[in-house]
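As C-alpha cells, the structure follows; a few thoughts come after it.
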Amino acid sequence: MRKILFLLFPLAVFSATFSEKFSVIKPEGECDMADATEFELSSDNEFFAVDETSNQKITGMKFEGKTKTYYIKTGINRSFPKLPDNSMIENTPLLTINDQQIAETAKNCLGSDDPVRAVKDSVFKIIVKKTSGFPILKAKDILKLKAGDCTEHAVLTGAVLRAMKIPAVGVAGVVYAKEFGKQKDVFVFHMWCEAYYGGKWIIVDSALPFNDSPNQYIALSYHNLKKHMPPPIDFASRMEKLKNFRIKAIR
C-alpha cells in the first residue's frame, strides 16, 4: 500500500461539499482493518444502497428510523450470479477502444501468459503522473497525457480489457489504506475495474496493481463506462446525498 497518495477519488466532478466531507472515512471497530472481511455500512439517507459484486456479499439489512444499514462480507463471492453480456465488451465514447494506441496496448498484453495481470501492470506504468482531482477523460486522451488518478486508471484499464475482448465493468467504492496523508487505517474513495476471465470475475485495479486483497475493497455501485461528460458516475447522486456514512468492521 505504499503507492497510496493518488487514491483520492476524482472529487472535482462533485460539489465542494461532497469532496470535503467524503474524501476519507475513518472506520469504527476493534478489528485489524487489513484483515477484516465483515463490515457494517450505514447512512441516514433514504437513497443509500449497496450493490452485491463478485468480491462482496450482502448478508443482511436493517432499518432503524432514518438509518439504513447493510451488513456485507468481502472477499470472493462465489455465489455472485452475474454473467457477462455484450455490453461489457462494447466500445463507448469514454473507452474509445478502436484507438490505434489502445489496440496496440491490448495486443501487447494479449501476448502475456497472464493478460489481465499484464493490463494492470501496463496501465500503471503508462500513467506516469499520479494525481487527483482530474476531470474524467477519454481513454485515448489518458494515453496521450499519461496522467490521472484512480478514475483514469480504471477507464484506461476497461478500454484495454475490452479491446482484448475481455468483458470489463467499472466499480466505484472505497478501498482500505493503511496510511493516507496523516491518517492511518482509513477507507478512501476509489474506482477500479472487474474483468470476466477464466470463468470468473477478477478485480483489476491498475492504480494499485500490487494490492491483491479483495477483502480490502468495498463496492458501492457499478460504473457504466459510457460517457466522459457529464460525469458518468452511476452512484454520484447517491453519494452527494449521503448523510453520516459510516463503516464499521465486525470481524
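Details
- Set VAL174, VAL155: member being of a type in the set (A, V, I, L, M) and part of a strand (DSSP E or B): VAL174
- Selection status of ILE136, β-branched (Val, Ile, Thr) and more than 17 Å from the chain's Cα centre (by Cα): no
- When region 137-152 is limited to residues that are in contact with a strand residue (DSSP E or B) (Cβ under 9 Å, 6 or more places away or on another chain) and in a loop (DSSP other than H, G, I, E, B), the one that is surrounded by the fewest Cβ atoms within 10 Å (Cβ to Cβ) turns out to be LYS146.
- Residues satisfying the stated conditions in region 177-194, i.e. part of a strand (DSSP E or B) and over 12 Å from the mean Cα position of the chain (by Cα): ALA177, LYS178, GLU179, PHE180, GLN183, LYS184, ASP185, VAL186, PHE187
- Meets criteria (closer than 30 Å to GLU30 by Cα and either surrounded by fewer than 22 Cβ atoms within 10 Å (Cβ to Cβ) or at pLDDT 85 or above (or both)) for VAL174: yes
- Some residue of region 19-29 being part of a loop (DSSP other than H, G, I, E, B) and either over 29 Å from SER132 (Cβ atoms) or of a type in the set (Asp, Glu) (or both): no
- Meets criteria (free of Cβ contacts under 8 Å to residues at least 12 places away in the same chain, of a type in the set (Asp, Glu) and farther than 25 Å from VAL155 by Cβ) for GLU40: no
- The listed residues are LYS144, LYS130, LYS140, and the only one of them that is of a type in the set (Lys, Arg) and within 23 Å of PHE189 (Cα to Cα) turns out to be LYS130.
The values are calculated or read from the model by the stated rules, or taken from the named source; none is laboratory data. No experiment lies behind these values; they were computed from the predicted model shown. Neighbour counts are summed over all protein chains in view; Cβ atoms, including those assigned to glycine, are modelled from backbone coordinates with ideal geometry.
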